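All remarks here apply to the structure that follows.
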Amino acid sequence: MTDRSGPALTQLTRPDQAGPGLRRQLVECWTEVTNAGGAAGFPFPPVAVSDVEPVADKLLARLEPGLSRLLVARFDGELAGWVVLDRDDHRLVGHWGTVRHLQTHPRHRGRGVGSALMAEARRVARDELGLEQLRLAARGGEGLEDFYRRLGWREAGRWPRALRLAPDDTRDEVLMLLDPL
């Protein structure tokens, strides 16, 4: 089911913009996504809230207008998903950014949250940060490449057998590129 109106999108550019309520919702979302099998940065579920909290706190502490932004999607005030958009300010690589941790809360899957967040990340990267391209790394074998391709991304390469999830489950890390923005 797709929500016709789509999620409400906001961005955070500073740590002080993330109050305790949003922090709690981020941690809960990350925990739920990971425990539902999502490739969201914790490769070995199950995880507990106490595992996710310090990582979420570091992510929030890094927010800075020109370097790191958190894009948040909500339905009726409830967190539906989020993504991080990072860039390096070094002039050698300052023209591209990195998308990290795209996730949709399991309660909101199939409602266009991930696509909306990725479209907003593209817009912010191009229009607000002046970037020329975006990069991301995705876990192979999850169907993520197809999702990103539908949004205009292309595969730029792979690290073969880079991610060992279990002794009998080693996956490629798929490097994706969106260029031009």
- Item | Subset of region 131-154 (residues that are in contact with a His (Cβ under 8 Å, 6 or more places away or on another chain) and either of a type in the set (Phe, Trp, Tyr) or surrounded by fewer than 18 Cβ atoms within 10 Å (Cβ to Cβ) (or both)) | Glu132, Gln133
- Query: Can you tell me how many residues in region 48-81 are farther than 30 Å from Val93 by Cβ and of a type in the set (Val, Ile, Thr)?
  - Reply: 1
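Evaluate region 11-19: report whether one residue or more is aliphatic (A, V, I, L, M) and within 26 Å of Thr170 (Cα to Cα).
No, the conditions are met nowhere in region 11-19.
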- Of Gly110, Gly157, the only residue that is of a type in the set (Gly, Ala, Ser), surrounded by fewer than 20 Cβ atoms within 10 Å (Cβ to Cβ) and closer than 26 Å to Val93 by Cβ is Gly157
- Query: When Trp82 is evaluated against the numbered criteria (1) of a type in the set (Phe, Trp, Tyr); (2) over 16 Å from the mean Cα position of the chain (by Cα); (3) under 27 Å from Leu181 (Cβ atoms), which criterion, by number, is the only one it fails?
  - Reply: (2)
- Could we say that Pro45 is of a type outside the set (Gly, Ala, Ser), open to solvent by 20 Å² or more (accessible area, probe 1.4 Å) and closer than 22 Å to Pro106 by Cα here? yes
- Message: Please verify whether Thr104 is within 28 Å of Ala36 (Cβ to Cβ), among the polar types (S, T, N, Q), in contact with a Lys or Arg (Cβ under 9 Å, 6 or more places away or on another chain) and buried (at least 16 other Cβ atoms within 10 Å of the Cβ), treating the condition exactly as stated.
- Response: yes
- Task: Give the residue that is surrounded by the most Cβ atoms within 10 Å (Cβ to Cβ), with candidates limited to residues of region 160-181 that are within 17 Å of Gly37 (Cβ to Cβ) and touching a residue at least 40 places away in the same chain (Cβ under 8 Å).
- Result: Leu163
- Task: Select from region 51-99 the residues that are among the basic types (Lys, Arg) and surrounded by 15 or more Cβ atoms within 10 Å (Cβ to Cβ) and write down the one among them that is farthest from Leu26 (Cα to Cα).
- Result: Arg87
- Task: Would you check which residues across region 142-159 are in contact (Cβ under 8 Å) with a residue 40 or more places away in the chain and closer than 15 Å to Leu178 by Cα and list them?
- Result: Leu144
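The values are calculated or read from the model by the stated rules, or taken from the named source; none is laboratory data. Every value quoted in this text rests on a predicted model; they were computed, and no experiment measured them. No Cβ is skipped: glycine too gets one built from the backbone with ideal geometry, and neighbour counts run over all protein chains shown. Side chains are part of the model used for accessible areas, which takes the heavy atoms of the whole protein and leaves out ligands, DNA and RNA. Shrake-Rupley method; radii C 1.70, N 1.55, O 1.52, S 1.80 Å.
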